[in-house]
Amino acid sequence: MTAAIIFVISMAALLQFFISYCRSLIAASSKQVLSPEVKDVTGIQKFASGEDFNRVMQLLQLCPERPEDRNSVQAIGAYFKILNFLRSTVARIVPSMQVWTELERGHCAYFAAVALERRISFSRDMLAQQMDA
């Protein structure tokens, strides 16, 4: 019984740190302005919605990966799934949770759009290096 309690507390602490990590990634990306090119491709103009996330992630998968952002993109994808779970369970009962999950889902989509812009820039740099060689 003690082992089960320790396990539950450990998982709760791990979840708390994971959410803090994801929110710090999102906060860092929210300061970046998207280029008009990425806005056109993603359809995100000023604010992203949670409905944009899957489409932007599909576009993100088409670009060559940057080694630096692989883990952060996976973490935000997992965070988005947690938000979807909360949206379909707890948020149905608590209206303020519904607003918060929608806002966070939009932030996840914006993070993915920023990651897409970085990958596009990375691809351009790789192409320029190949052209020079």
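Derivation of every value follows stated rules applied to the coordinates shown; laboratory data play no part. In this text, all values refer to a predicted model and were calculated from it rather than measured experimentally.
Numbers at a glance
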quantity: Tilt relative to the chain, helix 53-62 - C-alpha long axis, 0 to 90 degrees, to 10; calculated: 40 degrees
quantity: Selected from ALA12, ALA113, ALA27 as most flexible by GNM, with the chain as the system and alpha-carbon contacts under 10 Å; calculated: ALA12
quantity: Size-normalised alpha-carbon gyration radius of the chain, reference 2.2 N^0.38 Å; calculated: 1.24
quantity: Between helix 95-132 and the chain: long-axis angle, C-alpha atoms, 0 to 90°, nearest 10; calculated: 30 degrees
quantity: Karplus 3J(HN,Hα) series, Hz, for the range 77-86 with 6.51 cos²θ - 1.76 cosθ + 1.60 (x for Gly, Pro); calculated: x, 5, 4, 4, 5, 5, 4, 5, 5, 4
quantity: Value of [θ]222 nm, deg cm²/dmol, for the chain, DSSP H segments ≥ 4, -39500 (n - 2.57) each, nearest 500; calculated: -27000 deg cm²/dmol
quantity: In Hz, Karplus ³J(HN,Hα) per residue of the range 8-19 (6.51, -1.76, 1.60; θ = phi - 60°; x = Gly, Pro); calculated: 5, 5, 5, 5, 5, 5, 4, 4, 4, 5, 5, 5
